[in-house]
Amino acid sequence: METDMDYERPNVETIKCVVVGDNAVGKTRLICARACNTTLTRYQLLATHVPTVWAIDQYRVCQEVLERSRDVVDEVSVSLRLWDTFGDHHKDRRFAYGRSDVVVLCFSIANPNSLNHVKTMWYQEIKHFCPRTPVVLVGCQLDLRYADLEAVNRARRPLARPIKRGDILPPEKGREVAKELGIPYYETSVFDQFGIKDVFDNAIRAALISRRHLQFWKSHLKKVQKPLLQAPFLPPKAPPPVIKIPACPSTGTNEAACLLDNPLCADVLFILQDQEPIFAHRIYLATSSSKFYDLFLMECEESPSWGEGACEKEKQSRDLQGRTLSVNPEEEREEGPPGTPQAEQWKSSSRSLLETLGLEAEGSVPETTQTLSGWSKGFIGMHKEMQVNPISKRVGPVTVVRMDSSVQPGPFRTLLRFLYTGQLDEKEKDLVGLAQIAEVLEMFDLRMMVENIMNKEAFMNQEITKAFHVRKANRIKECLSKGTFSGERGMMQSHQYLWLYFIKH
Ligand SMILES: Nc1nc2c(ncn2[C@@H]2O[C@H](COP(=O)(O)OP(=O)(O)OP(=O)(O)O)[C@@H](O)[C@H]2O)c(=O)[nH]1
């Protein structure tokens, strides 16, 4: 046990600081934060309140507490002795007040009554028992001003009165009362470890100044300042905003496949059987199949002239974009060929817009058409057109690829789905048609998958799918590093999907 020598040490000012205030405003926690350096989690803080008084004996029995009582304020060595008290109004605290050097008067910023009692009860009691002792007003539990009160109430003891938002006092309320009483004002949070040093350093200052008046011969007190103003509390940073990336409309298959059914940012339009439109994304096709890679590369190389004229038309069409939104697909539906509702909508809205713009109408052969029949089986030709995207309603350049009559819409859709996902459904009905089209378009991995299913060896397709993704990832890397297919605006859009794919795989 340590003998408390501070009272006898020369030039060490021992200061008795009495802490008072209503029940449960946070007196004991504040004292412990200074005397014992206890840091508690919010849960510990909220879940435990035992009406207690921190024993002054701690300075005698605990070496650490004694050491922490020592401090230097304005070049004066001090030993701060904190006295905890009961919050019940009717309790007799005269023993605590006796020979006090400063009183720290606490209320809770989440309990307006505790602030009312500062004026109506506490200040009067202090002035009654120790009229000349300086007083410091402290608003405790400052963190509750910024806390999620619902969570706080849930964590509090079951019988504790819930804290309402309307209970929370702004700093001005505390300052007003302090001003009225002519005493300094501070705010603290044990949870945020804020203001604890401010309160006790300035309580020490108040005590030392009062002592200097009485003991004017103590020259080492001459540098003591009046209690200082407290720097404002900086509320904790708001949590970063939750950024929600809009989900791709899901059709039950994976996200890549659903892009086929909802052709957002599509930049390729296949025309099958002279009438059936199917929309797709060049970057998906080019990175999953050498055939399409060559096709679109050829387009880039052979029609650089598309750039200027198209850009001009694109500009015009962007000016007219507002109009596209008012296009009613229902009005023209009966004119169009049968197809998916998306396709119908795309066709009718595109046609009326293109007419308005005086651009190439569907069906007419544009000047820039590239003939593909000599290049590969299955293809007729390819050209560029401005089209309205049925999902985004934006106008943009689209590569229209006409396929010959050997390409049937059903198997072709399945083939495209494979190019987007690398997968083939074992229950696919038209395996023969799919095998034919895979053969025609030289998609040999797809051809192999079909054969595996026919031979009841579909389990082997997993390996093909894996290899497909590796190949695709490599091609994506290559395209990104060389900037292949990224020169035009429409292509840039489809690159967004490429990134999505890349991140996923
Ligand atoms: N959120 C928050 N809660 C606090 C803070 N300080 C104290 N509390 C909580 O307030 C309640 C009362 O704290 P005490 O320090 O025991 O209050 P007291 O004024 O000593 O109470 P009595 O002993 O009854 O007079 C406890 O549940 C503490 O956890 C604080 O800074 N922030």
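The values are calculated or read from the model by the stated rules, or taken from the named source; none is laboratory data. This structure is a prediction, so every number in the text was calculated from the model and none was measured. With ideal geometry, Cβ positions are generated from the backbone for all residues, glycine too; neighbour counts draw on all protein chains shown.
Tell me, which helices (runs of 4 or more DSSP H) wholly within the stretch 247-322 include 3 or more residues that are at pLDDT below 90 and either within 34 Å of the chain's Cα centre (by Cα) or closer than 24 Å to Arg475 by Cα (or both)?
In the stretch 247-322, the matching helices (runs of 4 or more DSSP H) lie at 255-261, 282-288, 290-302.
So if I check each of Leu446, Leu419, Leu434, which one is closer than 26 Å to Val268 by Cα, part of a helix (DSSP H, G or I) and in contact with a strand residue (DSSP E or B) (Cβ under 9 Å, 6 or more places away or on another chain)? Quick ask: steps written out before the conclusion?
Values: Leu446 fails: in contact with a strand residue (DSSP E or B) (Cβ under 9 Å, 6 or more places away or on another chain); Leu434 fails: in contact with a strand residue (DSSP E or B) (Cβ under 9 Å, 6 or more places away or on another chain).
Result: Leu419 is the single residue among Leu446, Leu419, Leu434 that is closer than 26 Å to Val268 by Cα, part of a helix (DSSP H, G or I) and in contact with a strand residue (DSSP E or B) (Cβ under 9 Å, 6 or more places away or on another chain).
Pairs only if they're at least six apart or on different chains, beta carbon under 6 angstrom, first in the stretch 80-94 and touching a residue at least 12 places away in the same chain (Cβ under 8 Å), second more than 10 Å from the ligand (Cβ to nearest atom) and basic (Lys, Arg); list them, first residue then second.
Once the first residue is touching a residue at least 12 places away in the same chain (Cβ under 8 Å) and sits in the stretch 80-94, its partners that are more than 10 Å from the ligand (Cβ to nearest atom) and basic (Lys, Arg) give Arg81/Lys16; Thr85/Arg93.
Got at least one residue in the stretch 148-158 being more than 16 Å from Cys106 (Cβ to Cβ) and more than 30 Å from the chain's Cα centre (by Cα)?
Within the stretch 148-158, one or more residues are more than 16 Å from Cys106 (Cβ to Cβ) and more than 30 Å from the chain's Cα centre (by Cα).
Give the residues of the stretch 180-229 that are under 18 Å from Leu30 (Cα atoms) and β-branched (Val, Ile, Thr), sorted by residue number.
If the condition is that a residue be under 18 Å from Leu30 (Cα atoms) and β-branched (Val, Ile, Thr), then Thr188, Val190, Ile196, Val199, Ile204 are the ones that fit.
If you check Arg132 against the conditions, is it of a type in the set (Lys, Arg), over 25 Å from Gln215 (Cα atoms) and not in a strand (DSSP E or B)?
So Arg132 fails the test.
If a residue has to be in a helix (DSSP H, G or I), closer than 24 Å to Ile209 by Cα and more than 49 Å from the chain's Cα centre (by Cα) to count, how many in the stretch 55-100 make the cut?
Qualifying residue count, the stretch 55-100: 4.
Condition check: within 15 Å of the ligand (Cβ to nearest atom) and modelled with pLDDT of 95 or more. Does Val78 satisfy that?
No: the conditions fail for Val78.
Does the stretch 423-436 include one or more residues that are under 45 Å from the mean Cα position of the chain (by Cα) and on the phi > 0 side of the Ramachandran plot?
Within the stretch 423-436 (the criterion being under 45 Å from the mean Cα position of the chain (by Cα) and on the phi > 0 side of the Ramachandran plot), the answer is no, since none of the residues qualifies.
Which one is nearest to the ligand (Cβ to nearest atom) among residues in the stretch 81-116 that are of a type in the set (D, E, K, R) and loosely packed, with under 13 Cβ neighbours inside 10 Å?
Asp88
Suppose the filter is within 15 Å of the ligand (Cβ to nearest atom), modelled with pLDDT under 95 and surrounded by 13 or more Cβ atoms within 10 Å (Cβ to Cβ); does Leu40 pass it?
yes
Among the residues of the stretch 463-488, count how many are at pLDDT below 90, of a type in the set (A, V, I, L, M) and either over 18 Å from Leu419 (Cβ atoms) or surrounded by fewer than 16 Cβ atoms within 10 Å (Cβ to Cβ) (or both).
2
Which of the residues belonging to the stretch 413-462 are of a type in the set (Phe, Trp, Tyr) and buried (at least 22 other Cβ atoms within 10 Å of the Cβ)?
So the first thing to find is which residues in the stretch 413-462 are of a type in the set (Phe, Trp, Tyr), and the list is 418, 420, 444, 459.
If the condition is that a residue be of a type in the set (Phe, Trp, Tyr) and buried (at least 22 other Cβ atoms within 10 Å of the Cβ), then Phe418, Tyr420 are the ones that fit.
Residue by residue through the stretch 174-232, note down the ones that are within 16 Å of the ligand (Cβ to nearest atom), surrounded by fewer than 20 Cβ atoms within 10 Å (Cβ to Cβ) and part of a helix (DSSP H, G or I).
Selection gives Lys197 alone.
Here's the yes/no breakdown for (1) modelled with pLDDT of 95 or more; (2) closer than 21 Å to Arg205 by Cα; (3) of a type outside the set (A, V, I, L, M):
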| site | (1), (2), (3) |
| --- | --- |
| Thr52 | no, no, yes |
| Leu66 | no, yes, no |
| Phe86 | no, no, yes |
| Val102 | yes, yes, no |
| Met121 | yes, no, no |
| Glu125 | yes, no, yes |
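Go through the stretch 347-377 and give me each residue that's modelled with pLDDT of 85 or more and either surrounded by fewer than 19 Cβ atoms within 10 Å (Cβ to Cβ) or farther than 28 Å from Ala438 by Cβ (or both).
The answer is Gln370, Thr371, Ser373, Gly374, Trp375, Ser376, Lys377.
Which one of the conditions (1) within 16 Å of the ligand (Cβ to nearest atom); (2) in a loop (DSSP other than H, G, I, E, B); (3) closer than 23 Å to Cys32 by Cβ does Gly139 fail to meet, given that it meets all the rest?
(2)
Do we have any residue at all in the stretch 17-33 that's under 16 Å from Ser108 (Cβ atoms), surrounded by fewer than 20 Cβ atoms within 10 Å (Cβ to Cβ), modelled with pLDDT of 90 or more and near the ligand (Cβ under 7 Å from one of its atoms)?
yes
Can we say Leu45 is surrounded by 16 or more Cβ atoms within 10 Å (Cβ to Cβ), of a type in the set (A, V, I, L, M, F, W, C) and modelled with pLDDT of 95 or more? Write out each step before concluding.
Numbers: surrounded by 16 or more Cβ atoms within 10 Å (Cβ to Cβ): yes; of a type in the set (A, V, I, L, M, F, W, C): yes; modelled with pLDDT of 95 or more: no.
For Leu45, the condition - surrounded by 16 or more Cβ atoms within 10 Å (Cβ to Cβ), of a type in the set (A, V, I, L, M, F, W, C) and modelled with pLDDT of 95 or more - is not met.
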